[in-house]
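J.: Just dropping this structure here.
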Amino acid sequence: MKTTVGVIFGFPSVEHEVAIISALQAMHSLDDKKYDVFPIYVSKEGDWYWGEALTDIERFKDIDGLLTECEKIIVSPNAEDGTVFVYPRSFLNKKPLAVIDVFLPVCHGAYGEDGCLQGYLELTGIPFTGPSVMAAAAAMDKVTQKALCKMGGVPVLDCFWFYSAQWGDGEDDIVAYIERKFTYPVIVKPANLGSSIGIKIAADREELTEAIETATQYDDKVLVEHAIEHLREINVAVLGDACRAEVSELEEPLNAGEILSFSDKYLQEDGGKSSGMASLKRRIPADIPEETAERIRNYALDTFYCMEGQGVWRLDFMIDEDNGKVYLNEVNPIPGSLSFYLWEPKGVPYPVLLDRLIQIALRSKQRSKNRISSFTSNILAQGGFKGKK
C-alpha cells in the first residue's frame, strides 16, 4: 500500500506565497508510485482546506475562486489517529476524508515554521518531517539561534536586540546605544522573519531610525548588528537528524543588490513561472578555497547538532573578505524549495530527498516511542487526599 502524505502549507504569514511555491514543488516531486498526496492548505485567515485543485499552482492566482472548490477540514488531534474530516463534522460526513501516515510541512514563517504547527503535529502522534517544536521555535528567533550557536562554538556576529515596544518610549537612548556599540553601517532585522523581509542596512542615524521603524512593523523584537561591507554569502544545506547528518554542495548567491532581497529570492522568473528559491541566480559549487569550504561544512554540522536539527535545513554563512573570517548568518529549518537544488549536484534528486525526509521522520517517531513519557501508576487511585493540595 502507498503511504499517504499530508502536505501542509500556507498559514497567516508574510511568507505565505513563498510556502505555496515550495509546497507545490514538493507535491509534484513526490514519487506517485510510493505516495498518495493529500494537500492541506491553510489560508491567510487561518482556515484549513483540502481539494485536488490545491495541487495546481495556476489556480492560486485566484485564491478566493480556488477555495470555492475546496472543503474546510479538521485534522484530528487524537494520538496516532491521523484522520482528516470535513469541518464542521455532521451526521452526513462521519467518514474521514483521509488517514494521514506522515505529514510534510512546507511552510515558511509564522505558525508553520516557528513551532506552532509542530506542537499541534506532536499532539496528533503522526510522524512529521522537519524540525521539532524546540528546534523550530529557536531557529525562527534570530536572537535565540545566535545564543545557541555561540554556545556550540559556531562564530556569529555580536548583536544588540530590543523589543519593539521599547522603541516608542526610548528611541533616542536606543539609537545612542547602537552608535556606541557599533560603527556604521549596521544591519537591522526583525528577529522572527525570513526571506529578507523587513531587513535594511543603515549607513547613518537617519537610515538607522528608518530601518528600525520598518522592522517594528513586522515583529515584536528587533535585532541590530554590524554590517559586513565586503561580504560574500555562502549557503549550504544539512540533511539528517541527531543520529547522523550529511552536508550538501555549497552555493554562492549572485546578489542583485547590497543584500539579497525578497524580490531577488522569489520574484525571479523561470519560463514565465516563479520557481521560488530554485530560480535564484547562484554559483554551485561556490568558488571558494577548499579550506574555507571545509570550515563552513563543519560549522554547518555543529549548528545542526547544537540546535537539534532534523529534516533538511539551509544555513546561510557570511565571509568577511577584509579578514577572511566566517560567520553564521541564520538558519532556515524549512528552507525555500527545501533546498533541493543544493542536493542535486551531489546526486540526490528531489524525489530521493523527499524520500529521505520521510524516512527521517519515521525514525524519529520510532525513537520517541521507545522513550518513557509517562508512568503506569496512578497516584490518584490511592485516595486519602484532603484539602486543596
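J.: So, in region 273-302, exactly how many residues are at pLDDT 95 or above, hydroxyl-bearing (Ser, Thr, Tyr) and within 22 Å of Val106 (Cβ to Cβ)?
T.: Summing the residues that are at pLDDT 95 or above, hydroxyl-bearing (Ser, Thr, Tyr) and within 22 Å of Val106 (Cβ to Cβ) in region 273-302 gives 0.
J.: To continue, here is another question. Give the residues of region 66-88 that are of a type outside the set (Phe, Trp, Tyr), part of a loop (DSSP other than H, G, I, E, B) and closer than 13 Å to Tyr49 by Cβ, sorted by residue number.
T.: Thr68, Glu69, Cys70 - these are the residues of region 66-88 that are of a type outside the set (Phe, Trp, Tyr), part of a loop (DSSP other than H, G, I, E, B) and closer than 13 Å to Tyr49 by Cβ.
J.: Looking at region 214-241, which of its residues are over 26 Å from Glu290 (Cα atoms) and touching a residue at least 24 places away in the same chain (Cβ under 8 Å)?
T.: Thr214, Ala215, Thr216, Tyr218, Asp219, Asp220, Lys221, Val222, Leu223, Val224, Glu225, His226 - these are the residues of region 214-241 that are over 26 Å from Glu290 (Cα atoms) and touching a residue at least 24 places away in the same chain (Cβ under 8 Å).
J.: Still on this structure, I have one more. How many residues are exposed (fewer than 15 other Cβ atoms within 10 Å of the Cβ) and either in a helix (DSSP H, G or I) or among the hydrophobic types (A, V, I, L, M, F, W, C) (or both) if we restrict to region 151-165?
T.: Result for region 151-165: 2.
J.: Sort through Glu229, Glu206, Glu249 and tell me the only one that's at pLDDT 95 or above and over 19 Å from Ser164 (Cα atoms).
T.: Criteria check complete, one pass: Glu249.
J.: If you scan region 89-106, which residues turn out to be touching a strand residue (DSSP E or B) at 6+ places or on another chain (Cβ under 6 Å) and either more than 23 Å from Tyr218 (Cβ to Cβ) or part of a loop (DSSP other than H, G, I, E, B) (or both)?
T.: Residues satisfying the conditions are Asn93, Pro96, Leu97, Ala98, Val99, Ile100, Asp101, Val102, Phe103, Leu104, Val106.
J.: Identify, please: which residue in region 296-329 is part of a strand (DSSP E or B) and among the β-branched types (Val, Ile, Thr) and is, among those, surrounded by the fewest Cβ atoms within 10 Å (Cβ to Cβ)?
T.: Val326
The values are calculated or read from the model by the stated rules, or taken from the named source; none is laboratory data. Every value quoted in this text rests on a predicted model; they were computed, and no experiment measured them. Backbone-built Cβ (ideal geometry, glycine too); neighbour counts: all protein chains shown.
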